[in-house]
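Some notes on the structure that comes next.
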Amino acid sequence: MPAFDYQALDRRGRLKKGMLEGDSARQVRQQLRDQGLAPTKVSPASQSLSGESTASSFLGNLFEPSLSVSERALITRQLATLIGAGLPVEEALLAVSRQTELPKTQKMLVTVRARVMEGYSLAGSLEVYPRAFPDLFRATVAAGESSGHLDAVLNQLADFSEAQHESASRIQQALVYPVILFVLTLLILAGLLGYVVPDIVAVFADTGQALPSLTIWIITLSDFVAAYGWVILLAIVILVFGARKILAVETHRLVFDRFLLKAPLSSKMARGRNIAQFASTLSILTASGVPLVDAMKIAGQVISNRWLRNEVSQATVRVSEGSSLQSALQASGYFPPMMLYMIASGESSGELDGMLARVAKYLQQDLEALLATLLSLIGPMMLIIMGGAVFTIVMAILLPIINLNQMVA
């Protein structure tokens, strides 16, 4: 039964909004009249959520409904529990929609339930909201439906989403302190160079004494910041937008992504993050019964590095031609030997999905350890930079005072 959003006026003229299910908009209007409401607008729920964004692709992407990783994990876990308890999919969707407190999420679930009741599969019904339920999610759900193990597949998806959310949360929490230090450093330096130093310079200008070289250098820097500070900010903004524009070109992006895979400092992070996501996604898909070639095509889409994504696409072609997964990935030269050995072991033992899951866990832990080390160094480095900059400015101010006292003595 389709779902409809409505707007109606009560007996006091107050506007009421909500959602009702009915065979048609006419039936929903009659239900509202039976409740003593005067309907002013009734529209299908799917249109009310995404139809207003068809004017342009930009606005469509901007207003298209989505879910956070934590919200998607919670919904997936609830659906897995209810379906595993024997509830039909449409009843499980109804129960979860009533459980959620967010109107946006409730509307999405009711719309998906309406499509399921019209005869669509769950994966096909989720296609209405591609941002909320990405390709990986829908492909895995489709595999679970076809294999008859939808509850187990949904539990795997929930575990995957929760792990992603936990990893992102740890990184965000670790970045709070360095970001605060960086902002404070900029504010302190801007305040000293823009306001404190000019006032001190005015005092020394009246004495007519020769200023130390450090003081002259700081005064020059202060004058430059005061005169051209807005130009510097504008140049930074132009550089950022220019870089994004350049990287929007596919050939330039490929060159840049290949550089990230080769550069000494960024290569381990770029490879580790992308390969861990690829291995984890491929593990879920193969465990859900998706054929290896199709699973590689889907898992390759989660790789953000374009050059590495192309290498995976070429490996997919090799596998479709009869090559083993281990040899296909080894030909690219970007996958770690440990991963290749474990994949070869998984292929020979028939437990490829389990080996891929172990590889993904190992790579994720290795990446998190590297990030933790780097983030732990950023804080002290920012303190050293801030302390050194403030000390330099203070010394530039104190040196003329010390020289003046010596002259008076």
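The values are calculated or read from the model by the stated rules, or taken from the named source; none is laboratory data. Since the structure is predicted, the reported quantities are computational estimates derived from the model, not experimental observations. When we count neighbours, we look across all protein chains shown, and the Cβ atoms used for this are built from the backbone with ideal geometry, even at glycine.
Values computed for the structure shown
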| quantity | calculated |
| --- | --- |
| Selected residue [at pLDDT 85 or above and either crowded, with 17+ Cβ neighbours inside 10 Å or basic (Lys, Arg) (or both)] from Ala357, Ala331 | Ala357 |
| Checking Leu371 against (1) loosely packed, with under 15 Cβ neighbours inside 10 Å; (2) among the hydrophobic types (A, V, I, L, M, F, W, C); (3) touching a Lys or Arg at 6+ places or on another chain (Cβ under 9 Å), the condition it does not meet | (1) |
| Residue tally, condition at pLDDT 70 or above and in a strand (DSSP E or B), over the range 1-18 | 10 |
| Members of the range 304-315 found to be within 11 Å of Ser332 (Cα to Cα) and of a type in the set (S, T, N, Q), listed by number | Asn310, Ser313, Gln314 |
| Elements of type helices (runs of 4 or more DSSP H) contained in the range 65-149, each with 2 or more residues being among the charged types (D, E, K, R) | 69-84, 89-99, 103-117, 135-147 |
| Gly379 vs. criteria touching a Pro at 6+ places or on another chain (Cβ under 7 Å) and more than 26 Å from Lys262 (Cβ to Cβ) | yes |
| Scan of the range 277-299 for residues that are modelled with pLDDT under 85 and within 17 Å of the chain's Cα centre (by Cα), ordered by number | Gln277, Ser280, Thr281, Ala299 |
| Only listed residue being within 29 Å of Gly22 (Cβ to Cβ) and either at pLDDT below 85 or touching a helix residue (DSSP H, G or I) at 6+ places or on another chain (Cβ under 6 Å) (or both), chosen from Phe160, Phe58, Phe63 | Phe63 |
| Subset of the range 101-120 (residues that are farther than 24 Å from His149 by Cβ, surrounded by fewer than 17 Cβ atoms within 10 Å (Cβ to Cβ) and not charged (D, E, K, R)) | Leu102, Pro103 |
| Subset of the range 165-186 that is within 22 Å of Arg77 (Cβ to Cβ) and either more than 21 Å from the chain's Cα centre (by Cα) or hydroxyl-bearing (Ser, Thr, Tyr) (or both) - its residue that is surrounded by the most Cβ atoms within 10 Å (Cβ to Cβ) | Ser167 |
| Thr392 assigned by TED's automatic domain parsing to the domain that holds Gln172, hydroxyl-bearing (Ser, Thr, Tyr), closer than 30 Å to Leu181 by Cα and free of Cβ contacts under 8 Å to residues at least 40 places away in the same chain | no |
